[in-house]
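Here the structure comes first, spelled out in structure tokens, and everything after it is commentary.
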């Protein structure tokens, strides 16, 4: 049972336009959500996160939106740049206290973003 | 400041063999977690260690095991390798609860 789903395996956008990557989750116990970016042959790099008590978090060109009632989050990249081309993973974490301090993340399968010059 | 270091970067093993992968966390980080990435499967949680104790374990067979040493360095071991164990194995460390992970570059294991 996949608790975090990224239904689009790939996305292609033009440089300068907006990239919107989507993620759905099923476990209502998740209270913290993260986006990671991954280049081939490298480990994932943290991009941005959002707590379940918020509905939006911005960091430069990256904004994450959370819709708790729909169990849906999205990552917006504006404007998109060719260097943004990578695989983007959505991840979710439950309350660390109830997990005995564990920071275990549940990841989606990723969306490959291609930004064309 | 050195990042998370994983050795070796690449490894080729034969079915039935065993393998040990190593992870050195960022200095001062006491929590280390391991993930397996296979094509089309995203990252799947293997286990998490904190202060030499396993704090959480994923849904993997007993052939997968790990440990953490007093200097926070961690190793994971896979015994009786199967072709399906071919994957990128990622280690991540964190400074304190809720501070977020920093991932290493991974060890690419190929089982032939």
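Results, tabulated for the structure shown:
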quantity	calculated
Percentage relative contact order, chain B, counting C-alpha pairs under 8 Å, at least six apart	37 percent
Taking N as its residue count, the alpha carbon Rg of segment B:9-112 over 2.2 N^0.38 Å	1.02
Overall form of segment A:31-117 per C-alpha gyration tensor (a/c, 1.5; a/b vs b/c)	oblate
Proxy reagent accessibility, fewest Cβ within 10 Å first, across A:111, A:45, A:63	A:45, A:63, A:111
The protein assembly as shown: C-alpha gyration tensor shape, a/c 1.5 cut-off, then a/b vs b/c	prolate
Rounded Å value of the spacing that divides the Cα centres of segment A:39-116 and segment B:45-82	25 Å
Inter-probe distance in nm under a simple model that places probes 7 Å from Cα toward Cβ, at residue A:27 and residue A:53	2.2 nm
R0 of 30 Å, Cβ-Cβ distance residue B:53-residue A:39: FRET efficiency to nearest 0.05	0.35
Residue order, fewest to most surrounding Cβ atoms within 10 angstrom, among A:31, A:55	A:55, A:31
Cα-Cα P(r), segment A:1-81, percent of pairs per 10 Å interval	16, 49, 31, 4
Antiparallel %, DSSP beta bridges [both residues in the protein assembly as shown], to 5	90 percent
Residue B:73 versus residue A:70: modelled label distance in nm, points set 7 Å from Cα along the beta carbon direction	4.9 nm
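Every number in this text was worked out from the coordinates using simple rules, so none of it is lab data. Bear in mind the structure is a predicted one, so any value in this text is a computation, not a measurement. No Cβ is skipped: glycine too gets one built from the backbone with ideal geometry, and neighbour counts run over all protein chains shown.
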